Structure formats: C-alpha cells, structure tokens
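S.K.: Got a structure for you, written out below as structure tokens; questions coming shortly.
The values are calculated or read from the model by the stated rules, or taken from the named source; none is laboratory data. Quick caveat: nothing in here was measured; it's all calculated off a predicted structure. Note that we place each Cβ from the backbone using ideal geometry, even for glycine, and neighbour counts take in every protein chain shown. Ligands, DNA and RNA are stripped out before the accessible areas are found, and what is left, the full protein with its side chains, is counted by its heavy atoms. Shrake-Rupley method; radii C 1.70, N 1.55, O 1.52, S 1.80 Å.
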Amino acid sequence: MLIRNATIYTAEQREPVLGDLLIKGGKIAALGKDLAPEGEQVLDATGLCVYPGFVEAHCHIGLDGYGIGYEGADYNEYGDSITPQLRAIDGIEPADPTLAQAARAGVTTVCTGPGSANVLGGAFAVIKTVGDRVDEMLLKDGAAMKCAFGENPKRCYREKGISTRMSTAAKLREMLMRARDYAQKKRAGKDVAFDMKLEALLPVVEGEMPLKAHAHQLNDLFTAIRIAKEFHVGLTLEHCTEGHRAAEKLAAEGYPMAVGPSFGHATKFELRNKTFSTPGILAAAGASVSIITDSPVIPQQYLPLCAGLAVKSGMDPYDALRAITINPAKHIGVADRVGSIRVGKDADLVIARGDVMDISGQVIQVFIDGVPLKMD
C-alpha cells in the first residue's frame, strides 16, 4: 500500500509533514515525498490526516465482558489480596466487542491486565486490538506487575487484614522483601521451596519488570515512589489524579505517568480533585505523560477524545498527541514497535478526516500491521 499526499502526524516532530507513506510486509517501509509506486495499491489521501495507531498504557479491556456481569468479570481476584502469579493473557477474551470498537476508533495497541483491588494484582500484557487468539495479538507479556495503593485495597480487603494505607504498604514491602530473599537464595544455588507468588515477583526484584502502581491521591503517589526506591525496582505511576498538586516534584522523579480516567463522576473521595488539566500541567513540568481511559471506566474508543478534552483544559496539542501515541508506547516498553510513524515500525496507522482529538474528527480507515480493518 502506498498512501499518497497525506498530512502525516509522526508524533516525533511537532509539525505535520505533507507526503507519502509506503507499507510493506506489515511495516512502514518509506516516508517521504513523491514516492514511486512499485506495484503497490495506491490510496490517495489528499486532504486527509495520518496518525500513528493510538496506544493505551493502562486499561482492563478484554477482561471485563461487554454487556454481561460476573461471567465476564476477570480483572480482580477477590479471594486473596496478594496475587502476583496472575497473568492477563490467561483471562483476555479476544472476541469481546470492546476490542473491535477500540480498533475501529484507531486504538491499535493496549496494555491491559488485572484490576486494582489487590495490593499485588498480577502481570499486565501488551496486545494489538485485533485477533482471535491472544498469543498472536501479543506484543509483550509481563509488561508490568500491578500493585495498588489508596482506597481500593482498604475497601476490598478490610475484613482480611488491610484497613489502612499503612497496611497496604507493609504488605507490598513484605512481598518484595520475601521475593528479594528468594532470588538471592536461588542465585546462590541454595535449595528453596517453590513459591509461585515469589517466582512471579522475580522479574520485579531483578529489574526486568516494573511495578505498575495504581495511585490517585498525592500521598499514595509518593508512597509508591518511596517503596520503589527502597527496593531499587522499576516503577510507572498510574492514574495520578492529584499529580497536578506537585507536578514539578513528580516530574523531577522521572517516572512515567499515566493520567486518567478524568471523565465522569468522582465515585470515591480520592477522585475529588480529578481534572482534565492534570496531564497538561504534568507535561508542562517536564513529565512523560500518557492519557488513559482505564477502559471500561471510559470506553476505549474515546481515548482520542480524552486527549482532546485535555487540550481544551490547556494541554499543548502536540503533547496531547504524544500522550496517546509515543509516550504510552515508551511507558509500556514497546516504543521500538509502535507509537510513532517511523521507517521500520509496525504499520499501525489511522487515517482521518479532520483532527482526531476534536469531536468532529472522523476516522475513516485503520491499519494494524499493514492490514486495513473492516470499518463497519
């Protein structure tokens, strides 16, 4: 496929370029002007905009069935507050309608996994939004280990030993200490009793997998940072509802931040300060910011609209575009494959009439791995 005469937003340079885009073998093969077709199908994109496929850094899509109840609820395990051994790939339902809805809206890559009831919830996975078998949709298994701070563990496990923020932090510390000790004994060749939870935490304490910390309230954000530093483990910050309250201090820490979901009613106390101004304030302070829907909290297909609402609340439009493309790709460790338009990357592309972050923008074609989706 040769896409001709498009206005191309690469997400790597502020101004769009007018030119051509060549897709070969599922990859972006060339980007330039007046590219000569060599037998490829030609798509005239005059007057149209081309964007990288949109990327969501944090959601639960495929784990919370659309239009059903308990039967499709596979994102929180309520029997135990410590479940690092759970893996998103064992619960994702590729046939769930939300994935097709997301893909047709241009959301081509998502990081999805267990919810936020548990102190340790399990491993997230990065997948493309099309396919009938999760193993074939997978970009990255074990992208991050979910942990949670704040109200959720207190509310869900108050009868099982977690009733304060202090006990949540203590439980997480205990597991990291045990995993660190377990790893040291294994490296030393000592006999250790097999423990599936500690095995699941080995990539975390060995620096191969970051903690993915659910934290809304500002004090919870700093607790997550404190614990990550104590154990010298990787960390990404998720939700960051009150991040605007100390944007410079958070930005100085250097951890990637996924902001949202910012649309809707404040359903709990720690959401009382949520605003679409947060991502713009954090980005202006120098933070690497992703905007998220936390699907199904906000339907996944409205990720570009959330970026538009951030622009309406003061965010720089280029920062907002990067917050749903290259920044989340970096956040979840797949920027070598997706998140921007560059030669060699996956041909995940969105062709639109108008600005996709504006409510009037219209997505007319989506490519995933160079294959055009059926749009109706």
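S.K.: Here are Ala100, Ala179, Ala183: which of them is within 20 Å of the chain's Cα centre (by Cα) and of a type outside the set (Phe, Trp, Tyr)?
M.R.: Among Ala100, Ala179, Ala183, only Ala100 is within 20 Å of the chain's Cα centre (by Cα) and of a type outside the set (Phe, Trp, Tyr).
S.K.: For residues that are in a loop (DSSP other than H, G, I, E, B) and either in contact with a helix residue (DSSP H, G or I) (Cβ under 7 Å, 6 or more places away or on another chain) or aliphatic (A, V, I, L, M) (or both), tally how many sit in region 366-376.
M.R.: The qualifying residues number 2.
S.K.: Sort out which residues of region 177-213 are within 14 Å of Leu120 (Cβ to Cβ) and in contact with a strand residue (DSSP E or B) (Cβ under 9 Å, 6 or more places away or on another chain), and write them in order of number.
M.R.: Lys197, Ala200, Leu201, Pro203, Val204, Met209, Pro210, Leu211, Lys212, Ala213
S.K.: Got at least one residue in region 275-288 being in contact (Cβ under 8 Å) with a residue 40 or more places away in the chain, of a type outside the set (D, E, K, R), open to solvent by less than 30 Å² (accessible area, probe 1.4 Å) and outside any helix (DSSP H, G or I)?
M.R.: The answer is yes, given that some residue of region 275-288 is in contact (Cβ under 8 Å) with a residue 40 or more places away in the chain, of a type outside the set (D, E, K, R), open to solvent by less than 30 Å² (accessible area, probe 1.4 Å) and outside any helix (DSSP H, G or I).
S.K.: Quickly run through region 35-57 and pick out the residues that are charged (D, E, K, R) and exposed (fewer than 12 other Cβ atoms within 10 Å of the Cβ).
M.R.: Within region 35-57, Glu38, Asp44 meet the criteria.
S.K.: Within region 214-230, can you find the residues that are touching a strand residue (DSSP E or B) at 6+ places or on another chain (Cβ under 9 Å), part of a helix (DSSP H, G or I) and not β-branched (Val, Ile, Thr)?
M.R.: Passing the criteria: Asp220, Leu221, Phe222, Ala224, Ala228, Lys229.
S.K.: Give region 293-329 a look and list any residue that's out of contact with any His (no Cβ under 9 Å at 6 or more places or on another chain), open to solvent by 50 Å² or more (accessible area, probe 1.4 Å) and among the hydrophobic types (A, V, I, L, M, F, W, C), or say none.
M.R.: Once the filter is applied, which keeps residues that are out of contact with any His (no Cβ under 9 Å at 6 or more places or on another chain), open to solvent by 50 Å² or more (accessible area, probe 1.4 Å) and among the hydrophobic types (A, V, I, L, M, F, W, C), region 293-329 yields only Leu305.
S.K.: Here are some residues: Asp319, Asp355, Asp376. Which one is of a type outside the set (Lys, Arg), farther than 15 Å from Val107 by Cβ and modelled with pLDDT under 95?
M.R.: Residue meeting the stated conditions: Asp376.
S.K.: I'd like the residue in region 19-34 that is open to solvent by less than 40 Å² (accessible area, probe 1.4 Å), aliphatic (A, V, I, L, M) and touching a residue at least 24 places away in the same chain (Cβ under 8 Å) and, out of all such residues, is farthest from Leu349 (Cα to Cα). Steps first, answer last, please.
M.R.: Kept after step one, since they are open to solvent by less than 40 Å² (accessible area, probe 1.4 Å), are these residues of region 19-34: 19-23, 26, 28, 30, 32.
Right, trim to aliphatic (A, V, I, L, M) and you get 21-23, 28, 30.
Filter once more, keeping what is touching a residue at least 24 places away in the same chain (Cβ under 8 Å): 21, 23, 28, 30.
Details: Leu21: 10, Ile23: 10, Ile28: 9, Ala30: 14 Å.
Only one residue fits best here, namely Ala30.
S.K.: Of the residues Lys212, Lys229, which single one is basic (Lys, Arg) and crowded, with 24+ Cβ neighbours inside 10 Å?
M.R.: The match here is Lys212.
S.K.: Just need a number here: residues in region 330-365 that are open to solvent by 10 Å² or more (accessible area, probe 1.4 Å), β-branched (Val, Ile, Thr) and not in a strand (DSSP E or B).
M.R.: The total comes to 3.
S.K.: Of the residues that make up region 82-96, is at least one outside any loop (DSSP other than H, G, I, E, B) and under 30 Å from Arg342 (Cα atoms)?
M.R.: Yes, that holds for at least one residue.
S.K.: Which numbered condition trips up Ala183, out of (1) in contact (Cβ under 8 Å) with a residue 24 or more places away in the chain; (2) assigned to a helix (DSSP H, G or I); (3) among the small types (Gly, Ala, Ser)?
M.R.: For Ala183, the failing item is (1).
S.K.: Another question about this same structure. Could you check how many residues of region 58-81 are surrounded by fewer than 19 Cβ atoms within 10 Å (Cβ to Cβ) and closer than 29 Å to Glu174 by Cα?
M.R.: Adding up the residues that qualify gives 5.
S.K.: Give Thr108, Thr98 a once-over and let me know the one that is hydroxyl-bearing (Ser, Thr, Tyr), in contact with a Lys or Arg (Cβ under 7 Å, 6 or more places away or on another chain) and within 30 Å of Gln365 (Cβ to Cβ).
M.R.: Thr108
S.K.: Separate question: Kindly evaluate Gly207 against the criterion of being part of a loop (DSSP other than H, G, I, E, B) and closer than 27 Å to Ile61 by Cα.
M.R.: Considered against the rule, which asks whether it is part of a loop (DSSP other than H, G, I, E, B) and closer than 27 Å to Ile61 by Cα, Gly207 comes out as yes.
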